[in-house]
Amino acid sequence: MAVSTRPRSGVRPDPRAVAHDVLLRVETSEAFADVLLAARLAEAELTPADQALATRLVYGTLAWQLRLDTCLGALTTRPLARVDPPVRVALRLGLFQQLFLDRIPMHAAVQTSVTLAPPRARGFVNAVLRRAARLGRSELLAPIDEADPALRLALEWSHPPWLVGQWLAEMGEAETRALLAANADPPRTAIRVNCSRTTRTDLQTELRRAGIESDPSPWLSDALIVRSGAGRLRTTPAWYEGRFAFQSEASQLVARLLAPQPTWRVLDACAAPGGKSTLLASSMGDTGLVMALDPRLGGARRIAREAARLGTAAVRIIIGDARRPPIAAPVDAILVDAPCTGLGTLRRHPELRWRRGPQDSARLAELQRQILEGVAPLVRPGGVLAYAVCTLSRMENEAVVEAFLAREPRFELEPAAAFVPAALVDRSGYLRTLPHRHGLDGFFAARLRAHG
C-alpha cells in the first residue's frame, strides 16, 4: 500500500514519504515520476528545502536504481525481485540516502526508511540498511571490476547494459561516459514566458516575489530556468492566469525550428500536451491556424485546457491518427514531434531507462516512418516539414530522415542554423542538443522544405 502524502491534522508530510509514494507508483504502474511529483508537491505542505529533498530523492533513486539494486543484492540473500514493491522501494530510498546524500546522517536514512515499510517488513529493512551502514560508502561504491566496458559503465553509472553498448558503438567511450555522467544530474525546470501576457523580466520579478528564483535561458529569449522553488510554480497567480507554460528548452527550440509565419495553416501532428501547439500559435501572433492533432480524447482535452489557460485562440484541436490525418486541404507547415524512446530525457524521466528495451528503437522508427509518410502529402509546394524526437538513437534520428528523403524526392534538408542557435546544429545541418554538451535534454530535429 502506498504511503499517503496528504497532510492530516495539520501535520506536514515528510519529504521521504512523498518520495516513497511517488516511487511506488512509478514502480507499479506506467506513471511518470515528474507528473506524479509535481502533483504531490502542489498538494503537500512542504517547505522549499523539503520540496528540494523530495525531488532529489525521487530522481536520484530512479536514476541510480541499477547501482542500488546491485548493492542490495550483495546485502541480502533474498532476491530483490521477490520483495514486495513497498519494501523494495523503501530499501532503495534508504540506500540512496546512505550512498549519495552526504547531509543525511546514516541513522536517519535507516530509521525513516524503516517507518516507510509495511510493519511486517520493518525488521528486514532495518537489518539490510544497517548492514549497508556498517560497510560504508567506500566499500559499496568501490570501482566496478568488469572487463566488458559496456557492462562496467552500465553498472558504474546505472544504465541498462544494452543502451550503454549502443551508445559506445555510436559515440565512443569518452562521449558515452560524459553522457552517462550528465544523465546523473538533476533535471532543471524550464518555463516559457507567454509573451502575449507578460515579459520575461516582469515574470522573473513576479516569481521572485513569490520566493521562486530563476535565470534567463542562454538559448531562448523567452524562457527562464527555475533555480529554486519550482514546486510552488503551479500555486502562483502567474500559472493560473497563463503567464507561463512548462516547456523544456529543447522542446521550445524544436517549435522554433519550424519558424511559422502569421496567417499560416500549421499542423502539429503529435500535439499533446499542447506546449508546441501553443508556442507555434504564439509565434504567429495568434493569427492563422494551428491544427493540434492527437489520437486520444485525453490528449485533446489536455491541449484544450492548456490553450485556454494561455489564452491561445489560433489552436484548433482535431482527434485523429497522424498516419491517416483527417485533413484534406494543404498546409504551409507541419511539425512531427514523433513518439520515440525518449532516451534523450533520462534526467527528466529516469524511469525510462528501465522501461525501454533494445527492440524499441526499431519498433518506434517504423511508427515514425508511417507518420511522416502520412502527413507529407499535406505540405504545399514550398512548405516546411519539421521532424523531431527526444532520443539519441541514430535509428530514430538521421536514419529516419535519410530514408524519408530517399522515398520523397520533393523534400530537401534545410540547415537548421538559420532558425536556432548555430552551436546546437551539427555538421549535417540537424538540430541536435545533448545533455553533456549543452545542458539540455537530448533532442534531434530536421527542417525539410518541399520543392515549389
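Some points to look at:
- The residues of the stretch 196-224 that are more than 13 Å from Ser248 (Cα to Cα), among the hydroxyl-bearing types (Ser, Thr, Tyr) and not in a helix (DSSP H, G or I), listed by number, are Ser196, Thr198, Thr199, Ser214, Ser221.
- The lone exception for Arg78 - which of (1) part of a loop (DSSP other than H, G, I, E, B); (2) buried (at least 21 other Cβ atoms within 10 Å of the Cβ) it fails: (2)
- Exclusive hit being acidic (Asp, Glu), buried (at least 16 other Cβ atoms within 10 Å of the Cβ) and not assigned by TED's automatic domain parsing to the domain that holds Leu62, set Glu173, Glu206: Glu206
- Condition met for Gly94 (at pLDDT 95 or above, within 33 Å of the chain's Cα centre (by Cα) and either farther than 20 Å from Tyr59 by Cβ or not in a loop (DSSP other than H, G, I, E, B) (or both)): yes
- Hits in the stretch 302-349 - residues which are assigned to a helix (DSSP H, G or I) and surrounded by fewer than 15 Cβ atoms within 10 Å (Cβ to Cβ): Ala304, Arg305, Ala308
- For the stretch 142-154, the set of residues classified as of a type outside the set (Gly, Ala, Ser), modelled with pLDDT of 90 or more and surrounded by 14 or more Cβ atoms within 10 Å (Cβ to Cβ) consists of Pro149, Leu151, Arg152, Leu153, listed by residue number.
- Test: residue in the stretch 382-393 that is part of a strand (DSSP E or B), on the phi > 0 side of the Ramachandran plot and either surrounded by fewer than 21 Cβ atoms within 10 Å (Cβ to Cβ) or at pLDDT 95 or above (or both): yes
- Residue within the stretch 405-421 that is modelled with pLDDT of 95 or more, in the same structural domain as Pro260 (by TED's automatic domain parsing), in contact with a helix residue (DSSP H, G or I) (Cβ under 7 Å, 6 or more places away or on another chain) and in a helix (DSSP H, G or I) present: yes
- Only one of Gly298, Gly357 that is farther than 26 Å from Val226 by Cβ and either polar (S, T, N, Q) or not in a helix (DSSP H, G or I) (or both): Gly357
- For the stretch 137-195, the helices (runs of 4 or more DSSP H) that sit wholly inside it and include 1 or more residues that are touching an Asp or Glu at 6+ places or on another chain (Cβ under 7 Å), among the charged types (D, E, K, R) and more than 16 Å from Pro358 (Cα to Cα) are 149-157.
- Any hit, the stretch 407-420, residues being more than 23 Å from Glu170 (Cβ to Cβ) and of a type in the set (Phe, Trp, Tyr): yes
- Count of residues meeting criterion [without any contact (Cβ under 8 Å) to a residue 12 or more places away in the chain and touching an Asp or Glu at 6+ places or on another chain (Cβ under 8 Å)] in the stretch 96-136: 0
- Residue within the stretch 40-59 that is assigned to a helix (DSSP H, G or I), in contact with an Asp or Glu (Cβ under 9 Å, 6 or more places away or on another chain) and acidic (Asp, Glu) present: yes
- Residue in the stretch 254-272 that is of a type in the set (D, E, K, R), part of a helix (DSSP H, G or I), within 23 Å of Asp215 (Cβ to Cβ) and in the same structural domain as Gly374 (by TED's automatic domain parsing) present: yes
- The stretch 422-433 - residue that is in a loop (DSSP other than H, G, I, E, B) and in contact (Cβ under 8 Å) with a residue 12 or more places away in the chain and, of those, nearest to Arg347 (Cα to Cα): Tyr430
- Only residues that are closer than 17 Å to Leu279 by Cβ and among the β-branched types (Val, Ile, Thr) were counted across the stretch 196-224, and they come to 2.
- All of (1) buried (at least 22 other Cβ atoms within 10 Å of the Cβ); (2) closer than 22 Å to Ala259 by Cα; (3) in contact with a strand residue (DSSP E or B) (Cβ under 6 Å, 6 or more places away or on another chain) hold for Asp441 with one exception: (3).
- Candidate set from the stretch 274-289 (those that are crowded, with 20+ Cβ neighbours inside 10 Å and farther than 14 Å from Ser196 by Cβ); member that is farthest from the chain's Cα centre (by Cα): Ser277
- Of all residues in the stretch 40-55, none satisfies being in contact with a helix residue (DSSP H, G or I) (Cβ under 6 Å, 6 or more places away or on another chain), of a type in the set (Ser, Thr, Tyr) and touching a residue at least 40 places away in the same chain (Cβ under 8 Å).
The values are calculated or read from the model by the stated rules, or taken from the named source; none is laboratory data. Note that the structure is a prediction, hence the values are computed from the model and not measured. Because the Cβ atoms are built from the backbone with ideal geometry, glycine has one as well, and the counts that use them run over all protein chains shown.
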